[in-house]
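First up is the structure itself, then whatever we jot down about it.
The values are calculated or read from the model by the stated rules, or taken from the named source; none is laboratory data. Here the structure is a predicted model, which is why all the values come from computation and not from measurement. In this analysis, Cβ positions are derived from the backbone assuming ideal geometry, glycine residues included, and neighbour counts consider all displayed protein chains. Accessible surface areas use protein heavy atoms only, side chains included; no ligands, DNA or RNA. Shrake-Rupley method; radii C 1.70, N 1.55, O 1.52, S 1.80 Å.
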Amino acid sequence: MDVLSNLFEQRFHAPVVRVQPLQGQLGGSGRKIVRLTGEKVSAIGILYDVREENAAFLEFSRHFRRHGLPVPEIFAEDLDHGAYLEEDFGDTTLFEFLSNNRDGENIGAPAIEAYRQAVAVLPRFQVEAGRDLNYKVCYPRESFDGQSIAWDLNYFKYYFLRLAGIAFNEQALEDDFERLTKFLLSADREYFLYRDFQSRNIMLREGQPFFLDYQGGRKGALQYDIASLLYDAKADLPPDLRQKLLDHYLDVLAGYMDLKRDEFMQHYYAYVYIRIMQALGAYGFRGFYERKAHFLQSVPYALKNLRWLQHNVTLAIALPALMDAFHGMLASEKLQGLASEADTLVVRVFSFSFHRGLPKDDTGNGGGFIFDGRSLPNPGREERFKTLTGKDAPVMDYLNQQESVHQFLASVMSLVDASVSNYQRRGFKNLMVSFGCTGGQHRSVYLAEQLAKHLRGRSGIEVVVRHRELEKAEPGNAAERAGA
C-alpha cells in the first residue's frame, strides 16, 4: 500500500489522510482497489501484478481520453510495482442506480435514461476510438479470435457444465463449438471490443456515465459488447427494454458507419450466447470450483436469459448438442436449487433513539441485530449540525472522517453479510437490522444509510430503510424503499 501512498503524495503534493478498501469493486479480477483521500482530493489506487494488463489499461485510458471519451484520468503509475492511480468517479454504478430505480420488472425513467446514455457512448469506443487504437498492447490476445472463443467455450464446458453435473456428448458438443466459432468469426471484426461492457463497470456521476475496466479489450465484432450489457445477468433487464435499448444503440451506431442492420442481427444472438456462456464459466469457476457462493447468485438470472432465448430466438446455424446442454441446465434440480436461493430476502434497516425504545419487528421473524452507535463521536453536540441529520452531507463528511466509525461499520457489515448469506441459503424472507443512538437523528441515521447502500444491488435482496425518529418529526415522510 505504501507504493500507492507515495504515488498520491508525488502527484498531489499532499499526504494521504485515509485509505478505504473498495472490496465490492473487485469482482473476480484479483485486483486490489482502494480509495486514497487527502485533504482536498481523492483518487482510486490499483494494485495488480499482471504488468501486461496494467499497461493495456493505461494506454487505452490515455487513448480514449484523447478521443474525449468519459474514462478516468491516469494520475500516476508504477508498473514495476503493479500500481497506478486513477480518477475517482464515486460509488454509484449503473447497476446500483438500476437497483434503486426499479420495482421488479418496472424500471424507473431515470435508470432507463442512464442506460440510453451508456449505449449511446458505446459506438464511440468501438468505431471512433477503435480506428487508431494500438492493438499491439492488448492482453492476452490482440483480437477476439478463434483462440479467444475456444477459451470461453472450454471455460463454460469444464467449469460450468462439468461442475454443475450437466450431461453432454463431448464430441457432439465440440462439433457444435466448432460450428459456432466459425459463424462468430464470419462477422465483421474490425472494431474495438470492450470485452466487459456491463453495468458494474459503468459509473454515474452527476447523471453522466463514466467507463471502467476495458483492460481486456481487443479487436472484435460490434455485437459482443451490446450483448454484454443487455444480457448482464443480475441486471435482469426486461425483454422489451432490451429491445428498445438495442434499437437505440443501432440508431446511434448508424451515425458512425454504414450499418447494415440485417447483417448485424444475423450474428447478434450468437454473440449473446457466447457472452452468456463466458459469464457462466466465470460463475462456475468462482462459485463451484473456488467455492465463493455469491458468484452463483447470478446463475438463476443467466438461466432466465437462456430460457427466453430458447423460446424467442432461432440461430442461423444448428447447434443441437449445445441446445441439449442448455435444456439440461434449465431442467437441473441442482441449478433450480440456486434459483430458489435467489428468492427475495427483505432486509429492514432502522434508525432510532434509545430514549424512545426499540423498533418493533412486525414480520414476526423475531431475528436480527440491534447496534448501539452511542460510542461513536456525536455530531449533535456541535451547533453547526443540530438542525441536520445523518443524511446531510456535512454530517456524513464529519462521520466519514472518524476512524472509529469505519471500524464500527466494518464489524457491522461483516456480521450482517454473514447473516444475509445464511438467511438466503436457508430460504428466510426477513432480516431486521437496527441502529440506535441518543436522539436518532445523526449517527444512527448515517449508519443505517451506509448499511443500506452496502446491501443494495445484491441479487435476491430488497432493502427497506426506516428512520423512525425522522418520520415522527416529519409525519408525511414515507419509508424509503429500494428493490434489488
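Structure summary
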quantity	calculated
Residue match in segment 383-398 (condition: open to solvent by less than 40 Å² (accessible area, probe 1.4 Å) and over 29 Å from Glu39 (Cβ atoms))	no
Selected residue (criterion: surrounded by the most Cβ atoms within 10 Å (Cβ to Cβ)) from residues of segment 290-348 that are of a type in the set (D, E, K, R) and touching a Lys or Arg at 6+ places or on another chain (Cβ under 8 Å)	Arg348
Yes/no for Leu245 being more than 14 Å from Asp145 (Cα to Cα), hydrophobic (A, V, I, L, M, F, W, C), touching a residue at least 24 places away in the same chain (Cβ under 8 Å) and open to solvent by less than 20 Å² (accessible area, probe 1.4 Å)	yes
Number of the condition not met by Ala109 [criteria: (1) among the small types (Gly, Ala, Ser); (2) surrounded by 15 or more Cβ atoms within 10 Å (Cβ to Cβ); (3) modelled with pLDDT of 95 or more]	(2)
Check on Arg66, open to solvent by 50 Å² or more (accessible area, probe 1.4 Å) and under 26 Å from Leu193 (Cα atoms)	yes
Of residues in segment 122-134 being open to solvent by 20 Å² or more (accessible area, probe 1.4 Å) and part of a helix (DSSP H, G or I), the one nearest to Leu455 (Cα to Cα)	Arg124
Subset of segment 327-346 that is closer than 14 Å to Tyr283 by Cβ and assigned to a helix (DSSP H, G or I) - its residue that is modelled with the lowest pLDDT	Glu341
Segment 399-414, residues that are closer than 23 Å to Leu358 by Cβ and open to solvent by 60 Å² or more (accessible area, probe 1.4 Å)	Ser411, Ser414
Verdict on Glu59 being surrounded by 15 or more Cβ atoms within 10 Å (Cβ to Cβ), of a type in the set (Asp, Glu) and either touching a residue at least 60 places away in the same chain (Cβ under 8 Å) or out of contact with any Lys or Arg (no Cβ under 9 Å at 6 or more places or on another chain) (or both)	yes
Unmet criterion (only one of (1) out of contact with any Gly (no Cβ under 8 Å at 6 or more places or on another chain); (2) under 20 Å from Asn400 (Cα atoms); (3) small (Gly, Ala, Ser)) for Ala14	(1)
Helices (runs of 4 or more DSSP H) lying entirely in segment 145-231 (those with 1 or more residues that are open to solvent by 10 Å² or more (accessible area, probe 1.4 Å), farther than 30 Å from Met257 by Cα and acidic (Asp, Glu))	170-185
Residue in segment 248-289 that is most open to solvent (accessible area, probe 1.4 Å), counting only those that are assigned to a loop (DSSP other than H, G, I, E, B) and free of Cβ contacts under 8 Å to residues at least 60 places away in the same chain	Asp258
